[in-house]
Amino acid sequence: MSDQDLRAELNRTHVEPLLPIEKKLIGWSLGIGVTLLVLLAALNRYWPVGS
């Protein structure tokens, strides 16, 4: 399959909206990730690792 064929095939496809469960999973993943990042930053500030 050449690049032009692949590009034409991608242009023919339509965009599908996210399902409600997919939106919820994305929200939960981002929320957990940000929460853990803040928690680890706070822990590192009060109990730094190494010297």
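For the peptides 14-20, 25-31, the ranking by packing is 25-31, 14-20, with the highest mean count of neighbouring Cβ atoms within 10 Å listed first.
The length gained by stretching the chain between Ser2 and Lys23 to full extension, at 0.36 nm per residue less their Cα-Cα distance, is 4.1 nm.
Once Rh is set to the Kirkwood radius over Cα pairs, what Stokes-Einstein translational diffusion coefficient, in µm²/s, holds for the chain at a temperature of 4 °C and a viscosity of 1.567 mPa s?
86 µm²/s
For Val34 and Arg12 in the same chain, what is the full-extension length gain: residue separation times 0.36 nm, less their Cα-Cα distance, in nm? The Val34-Arg12 span can extend by a further 4.3 nm. Entry note, the chain: the mean residue ellipticity at 222 nm calculated from DSSP H runs of n ≥ 4, each adding -39500 (n - 2.57), is -24500 deg cm²/dmol after division by the residues and rounding to the nearest 500.
Quick check for me: using +1 on Lys/Arg Cβ and -1 on Asp/Glu Cβ, what's the dipole size of the chain about its Cα centre, in debye to the nearest 20? Mind dumping the intermediate values first?
Details: 5 positive and 5 negative charges, 75 e Å.
Dipole size: approximately 360 debye.
All of the numbers you see were taken from the coordinates with simple rules; none came from a lab. Everything numeric in this text was worked out from a predicted model, so none of it was measured. Please note: Cβ atoms are built from the backbone with ideal geometry, for glycine as well, and neighbour counts cover all protein chains shown.
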